[in-house]
1. With 10 angstrom as the radius, rank A:VAL82, B:VAL205 by how many other C-beta atoms surround their C-beta, starting from the fewest.
2. Taking 45 Å as R0, compute the FRET efficiency from the Cβ-Cβ separation of B:VAL252 and B:PHE142 and round it to 0.05.
3. With respect to the cross-link table entries A:LYS76/B:LYS204; A:LYS31/A:LYS76; A:LYS3/A:LYS273, which display a Cα-Cα separation exceeding 22 Å?
4. Using a Gaussian network for chain A with springs between C-alpha atoms less than 10 Å apart, which of these wobbles most: A:GLN191, A:GLN306, A:GLN276?
5. Other chains' Cβ within 10 Å of A:90-103 residues: what's the mean?
6. Treat every Asp and Glu Cβ in segment A:43-104 as -1 and every Lys and Arg Cβ as +1, leave all other atoms uncharged, and give the resulting dipole magnitude about the Cα centre to the nearest 20 debye.
7. Taking 0.36 nm per residue of sequence separation and subtracting the Cα-Cα distance, how much length would be gained by fully extending the chain between A:ARG256 and A:GLU230, in nm to one decimal?
8. Can you put A:LYS9, B:LYS204 in order, fewest other beta carbons within 10 Å first?
Amino acid sequence: MAKELIRLKDARMDFDGETILDNINLYINDKEFLTLLGPSGCGKTTTLRIIGGFLVPTSGDVIFDGVRINDVPPHKRQVNTVFQKYALFPHLNVYENVAFGLKIPKTGEDGKKIRLSKDEIDSRVREMLEVVSLKGFEHRSVTSLSGGQQQRVAIARALVNRPKVLLLDEPLGALDLRLRKDMQQELRRIQQEMGITFIYVTHDQEEALSMSDTVVVMDRGRIQQIGTPEDIYNEPKNAFVADFIGESNIVDGIMRDDCVVEIFNRKFKCLDKGFQKDEAVDVVIRPEDVDIVPEAEGQLKGTVTQVTFKGMQYDIIVDFYGFKWLIQTTDFCPVDSKIGIKIDPDGFHIMKKSEYSGMFGDYSSYSEEYDEISDAESEEEE
Amino acid sequence: MNGERRRTAAVLAPYTVWAAIFIVVPLFFVAYYAFTDNSFNFTFDNITRFFTATSQVTNDAGVTSEVRTYLVIFWRSLKLAVISTALCLLLGYPLAYIMSRAGARAQKIMMILIMIPMWMNFLIRTYAWMTILQDTGILNGFLTSIGLKPLHIIGTESAVIVGMVYDYFPYMVLPIYSILAKLDTKLIEAAHDLGCNSIQVLQKVILPLSVPGILNGITMVLIPSISTFYISQKLGSGRFFLIGDAIEGQYVANNLHFAAAMAFILMIILLAAMALLKYLTSRPRFKTVKGAAK
């Protein structure tokens, strides 16, 4: 049975009259891998810093193991952090960096100072260096290490203290794609081996989906959706989540009945129920859920306006009655060809209208949007 | 020499000439004068005179003794300079730290406040301290007005130290500040995160990382204060003859060769001291941990 470890209760953060976090409510279970996912400025790093103790929420509570810890300073929390740019101590070598936290005397529950013996420190540091595959690097200067190695030192330095919770602030942001994939696996393995709660901050949706038990999608200082990676991808709660997680075509629709949605004045079978009759909704159709068929057999007919080869598939932009869709297909369809499409009932995801309706999901400016995404990734976080 | 290096040499030529004229040539002349007599024959006499010359001094109890004149003067200079440097460091480090952590505006204001005295003439600053520290000066006027006893400061070592600390203080603060301002605040957060309280963060992270700034500050304060001369004459009422005063006196008396010898010896001692300091503070950076794997 999962046990609740951390809870944020109506956590609010105002800074210079601006609301960074708008009454966040969130609980995190023991041994859970939870990811805070969202674009720059969504409040994910702020949330992490509140849990780490570097920020005190303007209002609301932070509960750790049933105790309110709003005013407990970072060095007295059973939480350690892996910082975005690692923040390794340049005047210490790899061994000394990892041993840093162990050499600080801790105050035990009876108020007595606990000082670890040299041998204890030594065996724990060595064990941890082995976990992060840095055996033999003890005496290397941290400034001489590659990004991936520095990353491992940062993780070892935090984990060696055996925290209940490890906070990771975009720890893989500075690594190249290949290394990032390896480290994702590695982090997941370490988390499961050590049985520690990980709270992970990232703007990379793929990273979030592939590593987490639970994903918390944030935007504008609010939690948009909490769920398993599958929930978040398959059942996005609003247009923001649908757009941020993976590619989505989002069109206006009307629920004509349970399991019947109307888009482009045509009725389609879907699997969603529980909406009011004739309720206006947002309809998400994932690019990979669209089947291309000869024009005559299509439920909808459109014209291909752009084709991009992606290796595994083609990304094609198709114009349906002035609305541009992104479709991923392994069939080559030349530009200006007319095609028909079919969508199975489980290809539709129906969402209630939200403040984000109409903002996303049209691919008229696909290439520009693509540029923006890559810009956002290279940009520094908050 | 290939083309690339020749181009570099050409670009650097003006600086090479500048360095030659203003650094190498004067040093050469100091050394040349130090090792020659009045008719420019080679001699060690000036050097030996510094170490062996003696004079009679009478202490306050009226006992007369013979001392090595210049070694006593040098020792006194060194003592005052070390005390002043230590005070500059003790006062300057916290200020530099506070400055580096202040807001951008506050940093600018503090910087200007530290720089303003440096724009004023050194003599005027020293005279200002005379007015403040005199027996009937501003300080004692203030002390008597609040009912305290006046202090006799002018003409004591304390007055000389006050003057030196005041004059050289910015040279301690600025190098330390420039290091601390660049210090990544994430390192401080990381130390807190790993269990340090504020004092431990200072001990284990901030101080070790600011060693280069501290060394620069010490160099920039110790060297001018050991060879200072005017402050001791004015604030010490001429009672504390320092090595700088001795060199100046010999030059004024047109005894250039002995003055050069003293300057030369002082320079060698300072160079040796700075080298030693550097050696002592640059601990083997990545020292071996006991029992570590080879």
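Every read-out reported here was derived from the displayed coordinates using simple, explicitly stated rules and does not represent laboratory data. Keep in mind it's a predicted model, so treat the numbers as computed, not measured. Positions of Cβ are generated from backbone atoms using ideal geometry, with glycine treated the same way; all protein chains shown enter the neighbour counts.
1. Details: A:VAL82 26, B:VAL205 23.
The fewest-first ordering by Cβ neighbours comes to B:VAL205, A:VAL82.
2. Working: r = 37 Å, r/R0 = 0.83.
Efficiency, from the Cβ-Cβ distance: 0.75.
3. Working: A:LYS76/B:LYS204 17 Å; A:LYS31/A:LYS76 20 Å; A:LYS3/A:LYS273 33 Å.
The answer is A:LYS3/A:LYS273.
4. Sorting by GNM fluctuation, first place goes to A:GLN276.
5. Numbers: counts 6, 10, 5, 5, 1, 4, 3, 2, 0, 1, 7, 6, 2, 5.
Counting Cβ atoms of other protein chains within 10 Å of each residue's Cβ and averaging gives 4.
6. Values: 7 positive and 4 negative charges, 23 e Å.
Charge dipole, segment A:43-104, about its Cα centre: 120 debye, nearest 20.
7. Values: separation 26, 0.36 × 26 = 9.36 nm, distance 2.72 nm.
Additional length available on full extension: 6.6 nm.
8. Details: A:LYS9 16, B:LYS204 19.
By the 10 Å Cβ count, ascending: A:LYS9, B:LYS204.
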